[in-house]
Amino acid sequence: MTKIHPTAIIDATATVAGSAEIGPYCVIGPEVDIGPGCILHDHVTVQSETRLGADNVIYPYSVIGADPQDRKFHGERALCVIGDRNQIREHVTVHRGTANGGGSTVIGSDNLIMVAVHIAHDCMVGDHVTIANQVMLAGHVVVEDYANIGGGVGVHHFATIGECSFVGAMARIPKDVPPYMIVEGNPAEVRAVNTIALSRRAFPVEDIEAIKDAFKRLYRKNGPPMSDKLDQLRAEYPRIEAIAKLCAALEATAEGVHGRAREVERTDDKRSCETEVLVRPIALVPAAGGRRVES
């Protein structure tokens, strides 16, 4: 049976799974789907048009699925979609998408999002990501799987934080962060290979050594233009997927705007947004006060 504290306020159009727990003074707005095993501690707000998968834990004073902080947002349908087994700590804010940015803010699974993190409209966060306290992700940011972002980092809109990368605390990130690299300082620069993350993910030794070699050639040695270095790396390591991904990411960044590959996708019109989201099938029964809970 769903555990809903009597002080919680739940919109009649919201859906709460039978094994979910809704704590004191939570507010769940319209068209919200709370999945099985989710725990919302006290004073959590899930504003509207949000889907939570299974076994997410959200701590006090977080606001999920809020209206975007974007002057181009005019109340159109926009979504926030969150996967499974995420830990979302106190005072986190996650805003829904916008019509101008695809209509959805998406967070994957198995992420740790620490205190006072802000995830803006149209962001996409992958799986197994760690985001430390007070990180600010501007709109349209992509954070790839297994990335780790240190406390107080500010990420420019449309930037990409690459797979298995590490961003040092307090850095300002105006450009894409390459996969597998450590980026620190202000201005932020690539400092080293994130060998700890690669080892934890059981990358083959051969792959790690190839990435180290790529780092030295790309960031520590003079010589031919970057494009020639990338061609050489592909030719020497044709079977190593990580080298192919690194080279592709760097090429995309170079072809982007101001060091951000995704900036070329930017549009500033007000196109309507019709985003289809797969919602798990559930059997509904009426609950007290018009709430719907999973049987």
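The values are calculated or read from the model by the stated rules, or taken from the named source; none is laboratory data. Just so we're clear, the structure is a prediction, and the values are computed from it rather than from any experiment. Here Cβ is always computed from backbone atoms with ideal geometry, including for glycine, and neighbour counts include all displayed protein chains.
Brief remarks on what is shown
- T93 among the β-branched types (V, I, T) and more than 16 Å from the chain's Cα centre (by Cα): no
- Of all residues in segment 214-258, those that are charged (D, E, K, R) and either modelled with pLDDT under 95 or outside any helix (DSSP H, G or I) (or both) total 3.
- When residues of segment 89-135 are limited to those that are small (G, A, S) and without any contact (Cβ under 8 Å) to a residue 60 or more places away in the chain, the one surrounded by the most Cβ atoms within 10 Å (Cβ to Cβ): G101
- Residue match in segment 30-45 (condition: of a type in the set (S, T, N, Q), in contact with a strand residue (DSSP E or B) (Cβ under 8 Å, 6 or more places away or on another chain), in a loop (DSSP other than H, G, I, E, B) and in contact (Cβ under 8 Å) with a residue 12 or more places away in the chain): no
- In this entry, Y237 passes the filter for residues that are of a type in the set (S, T, Y) and buried (at least 19 other Cβ atoms within 10 Å of the Cβ).
- The set of residues from segment 113-161 being more than 19 Å from N186 (Cα to Cα) and among the hydroxyl-bearing types (S, T, Y) comprises T130, Y146.
- Top-ranked residue in segment 51-79 [being in a strand (DSSP E or B) and either hydrophobic (A, V, I, L, M, F, W, C) or in contact with a Gly (Cβ under 6 Å, 6 or more places away or on another chain) (or both); ranked as surrounded by the most Cβ atoms within 10 Å (Cβ to Cβ)]: L52
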